[in-house]
Amino acid sequence: MARKSLVGSNPTASAEFAKLEVMDPETSVDEKVLLTWRSAERLFKQRGKEFYSTIIVLGVLISVILFFIEGIMPALVVWAVIFVVWATGKTPPAESEHQITSWGIRTAGKLYRFSGMTIFWLEEKWNKTVLRVLLMAFPGQLVLLVNKEDEAKIKKILSDNRVTMQKPEPTWTDNLVKWFGEKIPLE
């Protein structure tokens, strides 16, 4: 016995199904701004000549070793990284506006939805409070500087929107970077 499709057999039903739209619960209501703050776009620390001379000496040593092992390309990559460190160390960050809305976090003109966030935590670095949010998509982690007076509000808003406050355990790479930072001070 052949099955009949309800949509195919009834022309009025197919017209009704064609008009139906799937509504996303996050976009079905208007976006409301819950919190707005301004801060620097990234962490910034003024570095001295000793830091840059140490970086250059390490760059020369690493690039010479890589040149003899692999050729010119790895050495050029080392110098490209050194240039990025120098450029970000000499250029202070611009001020940026960040918003937490009813849909997610909006920063730099891009919306990161709550549904794409897994966990968040606040930490202190260079006497500034940093909000870190792990994302399920690119870029993987959202890093924002926050004002001290907004910490409690941010915790409440993110927790109310099913984002868990939990600092992840350090991985072996985190521990390795920390160990190198303690053993080989660049300043």
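What residue, among those in segment 139-169 that are charged (D, E, K, R) and within 12 Å of Trp121 (Cβ to Cβ), is surrounded by the most Cβ atoms within 10 Å (Cβ to Cβ)?
This residue is Lys155.
List the residue pairs whose Cβ atoms are under 6 Å apart, where the first residue sits in segment 108-131 and is of a type in the set (Gly, Ala, Ser), the second is outside any strand (DSSP E or B), and the two are 6 or more positions apart or on different chains.
Cβ pairs passing all conditions: Gly116/Met136; Gly116/Ala137.
Of the residues Trp172, Trp126, Trp179, only one is surrounded by 10 or more Cβ atoms within 10 Å (Cβ to Cβ) and among the aromatic types (Phe, Trp, Tyr); which?
Trp179
Which of the residues spanning segment 80-100 are surrounded by 14 or more Cβ atoms within 10 Å (Cβ to Cβ) and of a type in the set (Phe, Trp, Tyr)?
Hit for segment 80-100 is Trp86, nothing else.
Consider Trp126 carefully, then state whether it is modelled with pLDDT of 80 or more, under 14 Å from the mean Cα position of the chain (by Cα) and more than 14 Å from Trp37 (Cα to Cα).
No: the conditions fail for Trp126.
The values are calculated or read from the model by the stated rules, or taken from the named source; none is laboratory data. Keep in mind the model is a prediction, meaning the values are calculated, not measured. Don't worry about glycine lacking a Cβ; one is built from the backbone with ideal geometry, like all the others, and counts go over all protein chains shown.
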